[in-house]
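The values are calculated or read from the model by the stated rules, or taken from the named source; none is laboratory data. Here the structure is a predicted model, which is why all the values come from computation and not from measurement. A quick note on method: Cβ atoms are made from the backbone with ideal geometry, for glycine too, and the neighbour counts reach across all protein chains shown. Note: areas computed on protein heavy atoms with side chains; ligands, DNA, RNA excluded. Shrake-Rupley method; radii C 1.70, N 1.55, O 1.52, S 1.80 Å.
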Amino acid sequence: MTRIPSGTITFLFTDIVGSTRLWQQYPQQMVVALREHDRILRQAIEGQDGYVFKTVGDAFYGAFQTATAALAAALAAQRGLAAAQWPEGMPALQARMGLHSGAADEREGDYFGPALNRVARLMSVAQGGQVLVSSAATYLLRDILPEGVFLRDLGQHRLKDLPEPETIFQLVAPELADQFAPLHTSLDRKVVLPVKATPFLGRERELEEAIALLSRPEVRLLTLTGVGGTGKTRLSLQMAAVLADSFADGVLFVDLSPVSDWTRVADTILAALDTPARGEEAPESALQSALREREMLLVLDNYEQVIPAAALVGSLLQAAPRLTIVVTSRERLNIYGEVTYAVPPLGLPEPGTAVSLESAAQSEAVTLFVSRAQAVNQSFVLDESNMSDVIELCRRLDGLPLAIELAAARSRLFAPAALLERLDRLLGTSSGGLRDLPQRQQTLRGAIGWSYDLLSADEQQLFRRLAVFHGGRSLEAAEAVCGRGLELEVWEGLESLFDKSLLVRAEGPFGEPRFVMLETIQEYAGAALESSGEAEALRERHAAFFYDLVARTAPGLRGAQSRQLMMILQPEQENIRAALSWCLDGGDVEQGAAMIAALSDFWLYSYGHGEAVQWLGRALALKARVSAPTRAAVLTAASKLALFRLKAEEGRTYGRDALAIAQEVGEKSAIAWAMIWLGASYYDLPASLDEGLHLAGEGVRLFKELELDVGISQGLNIEGEMLRYNGRLAEAEAAYKELVPIAQATGEVRREVMQYGNLAMIAYERRNETELVDYALTLLPLSLENAIEDTAVLALELIAVVLHWHDRHELAATLVGAAQAWYERTATVAQAGDALIERRIIAEVRSGLDEEAYQRAQQAGSRLTLQDAADIAFAEVRRLREEGATPAP
């Protein structure tokens, strides 16, 4: 009998990738394939004295007494799967695997505890054929890896529901696949805090005092105040990390430093929550709805520049009774219920007192200086010869953490005495222009200025120019906008500024570096840019770069690369807004209007309808100041957005104007786009339906002449929607079926998924259960795999009504509850035709239970994730089929 591992256990979790779709496509072959998979996995685990303590579906959970045995089992399993002969006609099964070592509570042959959560999350982000290993397991394996086997460092990642980031390693070995796409680990994070490159030093007293204030029942808003650079942000982050487990719905950190317009604070917080306002809903209302039921800690950093939005904080506390907010700001918000905590400078030895080396080393300010100095100069040591200079340096910098870090970053070149001499000269003679600032603010500005003065001329110029960006800058953007006329390579300059603590390095959507300026440093750089005489030229180059970025990416948002292109644009939204503002304020109105038209799909797919309406309104007001082709594009975009906001008459007005101008210009593509959206706007006028269908059909005909597949697919989709809304189901079905192979050929996954949803709704209208279930089971996994959540929700509701037909009323209501909770959470509004079906489905499901039972089941569903609800849906449909249930009439 296999011995049950105890003590420090290494867990191996495995799961087949894409098994749901494989079951749908190859039901007979999968029976045979799964039997072979199970044999390989069990043999690999038990062959290394492992203990299979659970199997769930096609997932195996194994426990091992040693990490080496677990690694050997993973190798054997992956090699066995790669070499296996699978049934003819189906692809090979691929398993994702995770390895983690830790203690666990063993009860009756099963295991419980945090270690299992971590290995499960680790496995969930792996890809088919990939083995991911935690840092804990890697430590145990570090000196005993088999020959030819190594662990590749994939960097730090945040895993769902785990408060601390995990350094993840990939198992690399002969006969195993080696190259995989970057890990996707950013979804649904319970604890959303930025990873800091340096440890939290000192501040124990301040941390204890601030947490004590926040722990008082009556305190739900704590504002950390102090000048820029005093360490408010780091203190708030440490508070959030310490308190993370105290809030059922976790903590969320929102950096407001890139936000220059106070009216965009609610949008920024919604974006951090990944629940942007939808349709016509005001961002403030959407934010209140998103937070209303959450027990969480919200940290709002750098609020001083959006102080006019102070009332928003008060409204959130009223709307969400279990919400707690920590704000960092140079000034208090002055709203009801606010408690403030002034963040003091770091502790220093008392002036005029004898200080030993030991006591100096325990000083917070000195500790910070030494830590940062050793980061750039490993030979630096605090000793009797430099102790007094370091203390005086920290004292002259008023104990301000940012100022101390800037000084310490120069320790590679200057000893503390030399640093002190240069600082004395700067602070003693160069503060004239800053005398209207508080003393500590003068000190900080002086410290930044001193660091700036020590840069080379080219580094100074690059530093100033970088201030033209908002919310971060990529290497590509910095090179394009800031590189002209510089004698040094931009990337070298960025690295140098990073080394000197004038830039913070962050990670872009694909793992590439982005460079961010702390808000105080950004202010200094911005003032230097304005004084340089280069500001307007830099803004022009900045706008041109982001115009080109939008022009390159926006046309592909409807194609196979839609998701990747959205990820490129999302982190650049503040830069895009700045570019649009510069253009529309007189810089280049033609360019700005063209950008707005091109961005309409981006705002549509990210559900930023409110922002789209605002920008389109500004562009439409330009009228004769833009060219006819651009105005036609803006009007077409306005027509489209009006329809998605269920404003058909408004869409018709814009559409008619767009078509008239496009026809005058004579550009076929513009005419076709205007035609299909104008045609779509007639969906609610039965008497004019044929006119709308004719316009959409003419648009499709033009797109076929142009061989523009994305236009063809959009036009056919519009025809189908109009026909289905007006009850002409056979014609709608033909349009949808014509569209599926086009979408598949062009890689438009979103368009393909939508058609399965449309066809499933037609099947519902006809009460054809077999077709409804087939389409829904195709729709649901595709939606989840591609993060198209609105169609996943539709699939859940369609499966719910099937369960209702077979008297599984509580489960049906549970799925409806999960779907409706998603609508409430995201403030999404279903399109007109879909909403009609959804209302009927909900009414049917509701009729199967009394009100109390329905509400109970719906509440249970509202607590499920979409994936959890999907698992229930698949299991119940499979059970129906196994039972041979007769389709409902």
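The table below gives the values:
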{"quantity": "Members of region 637-658 that are open to solvent by less than 20 Å² (accessible area, probe 1.4 Å) and aliphatic (A, V, I, L, M)", "calculated": "A637, A638, L641, A642, L643, A648, A658"}
{"quantity": "Boolean, R220 is open to solvent by 40 Å² or more (accessible area, probe 1.4 Å), modelled with pLDDT of 90 or more and among the basic types (K, R)", "calculated": "yes"}
{"quantity": "Candidate set: region 703-730, residues that are part of a helix (DSSP H, G or I) and free of Cβ contacts under 8 Å to residues at least 12 places away in the same chain; chosen: the one nearest to Q561 (Cα to Cα)", "calculated": "K704"}
{"quantity": "Qualifying residues in region 372-391 (those that are open to solvent by 40 Å² or more (accessible area, probe 1.4 Å) and within 35 Å of the chain's Cα centre (by Cα)) - the one farthest from L502 (Cα to Cα)", "calculated": "Q374"}
{"quantity": "Single residue of region 1-30 satisfying the filter (under 38 Å from the mean Cα position of the chain (by Cα) and of a type in the set (A, V, I, L, M)) that is nearest to G47 (Cα to Cα)", "calculated": "L12"}
{"quantity": "Wholly enclosed helices (runs of 4 or more DSSP H) of region 595-651 bearing at least 3 residues among the β-branched types (V, I, T), within 20 Å of A662 (Cα to Cα) and in contact with a helix residue (DSSP H, G or I) (Cβ under 9 Å, 6 or more places away or on another chain)", "calculated": "628-644"}
{"quantity": "All positions within region 120-148 that are of a type in the set (A, V, I, L, M), at pLDDT below 90, more than 24 Å from the chain's Cα centre (by Cα) and not in a helix (DSSP H, G or I)", "calculated": "I144, L145"}
{"quantity": "Selection status of D255, open to solvent by 30 Å² or more (accessible area, probe 1.4 Å), of a type outside the set (A, V, I, L, M, F, W, C), more than 19 Å from the chain's Cα centre (by Cα) and on the phi < 0 side of the Ramachandran plot", "calculated": "no"}
{"quantity": "Checking I307 against (1) closer than 25 Å to G526 by Cβ; (2) surrounded by fewer than 20 Cβ atoms within 10 Å (Cβ to Cβ); (3) in contact with a Gly (Cβ under 6 Å, 6 or more places away or on another chain), the condition it does not meet", "calculated": "(3)"}
{"quantity": "Those helices (runs of 4 or more DSSP H) lying entirely in region 355-422 with at least 1 residues at pLDDT 80 or above and within 22 Å of L235 (Cα to Cα)", "calculated": "364-376, 387-396, 401-408"}
{"quantity": "Sole exception among (1) within 21 Å of R205 (Cβ to Cβ); (2) open to solvent by 50 Å² or more (accessible area, probe 1.4 Å) for P349, by number", "calculated": "(2)"}
{"quantity": "Long-range neighbours under 8 Å by Cβ, at least six apart or interchain, first residue under 10 Å from G559 (Cβ atoms) and in contact (Cβ under 8 Å) with a residue 24 or more places away in the chain within region 738-749, second among the polar types (S, T, N, Q) and outside any helix (DSSP H, G or I)", "calculated": "G747/Q561; V749/N786"}
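Yes or no, residue by residue, for (1) assigned to a helix (DSSP H, G or I); (2) without any contact (Cβ under 8 Å) to a residue 60 or more places away in the chain; (3) open to solvent by less than 50 Å² (accessible area, probe 1.4 Å):
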| position | (1), (2), (3) |
| --- | --- |
| Y452 | yes, no, yes |
| L462 | yes, yes, yes |
| A478 | yes, yes, yes |
| G485 | no, yes, no |
| F515 | no, yes, yes |
| T520 | yes, no, yes |
| E530 | yes, yes, no |
| L538 | yes, no, yes |
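Conditions tested, residue by residue: (1) touching a Gly at 6+ places or on another chain (Cβ under 8 Å); (2) among the aromatic types (F, W, Y); (3) open to solvent by less than 20 Å² (accessible area, probe 1.4 Å).
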site	(1), (2), (3)
A670	no, no, no
M675	yes, no, no
A680	yes, no, yes
L685	yes, no, no
I718	yes, no, yes
E721	yes, no, no
E738	no, no, no
E752	no, no, no
